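A short write-up of the structure that comes next.
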Amino acid sequence: MMPWWFWILLWTVLVLATLVFLALCGLYLYRRFMAMFTELTEAGDALALPPGEPLTEEVAGGSRPAAGAAGLFRSREDARAEYDGGKLARRRARRQRRVAGKRARGQAQRVRDLYPRDVDL
């Protein structure tokens, strides 16, 4: 049987070893977090818009206004007309890419692609 002071010494060493281990894990996680935060900041700075430039997205050769608060207060008719116009522009761009790709590969074209129903636009 071991003396009582050995048990106190053993548990003290175990508790101190656990605290040192947890401190080292915390330091490791802190450094990793700071490195990730630095990279995130650099990426945000690289993607940031210059001051005064409006937030627009280029879609199929045109631009559309940013969604959000500005989009909430538009009339329904304006929003629907803009949506339909953008939808038609995206369909046309997709059709043109499909025709150009098939022409480049020497494949047969679909008649619907060459003579679409929405030719009046």
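Within segment 32-45, residues that are at negative phi and part of a helix (DSSP H, G or I) reach no partner that is surrounded by 10 or more Cβ atoms within 10 Å (Cβ to Cβ) and hydroxyl-bearing (Ser, Thr, Tyr) with beta carbons closer than 7 Å at six or more positions or on different chains. Checked against (1) within 25 Å of the chain's Cα centre (by Cα); (2) modelled with pLDDT of 95 or more, Gly26 passes all but condition (1).
Taking the criterion of being at pLDDT below 80 and of a type in the set (Val, Ile, Thr), the residues of segment 30-61 that qualify are Thr56, Val59. Filtering segment 108-118 to residues that are over 19 Å from Ala89 (Cα atoms) and surrounded by 11 or more Cβ atoms within 10 Å (Cβ to Cβ) leaves Gln109, Arg110. Test Arg64 against the criterion of being assigned to a loop (DSSP other than H, G, I, E, B), at pLDDT below 95, surrounded by 10 or more Cβ atoms within 10 Å (Cβ to Cβ) and not aromatic (Phe, Trp, Tyr), and give yes or no. It is false that Arg64 is assigned to a loop (DSSP other than H, G, I, E, B), at pLDDT below 95, surrounded by 10 or more Cβ atoms within 10 Å (Cβ to Cβ) and not aromatic (Phe, Trp, Tyr).
The values are calculated or read from the model by the stated rules, or taken from the named source; none is laboratory data. Keep in mind that what you see is a predicted model, and the values were worked out from it rather than measured. All Cβ positions, glycine included, derive from the backbone under ideal geometry; neighbour counts span all protein chains shown.
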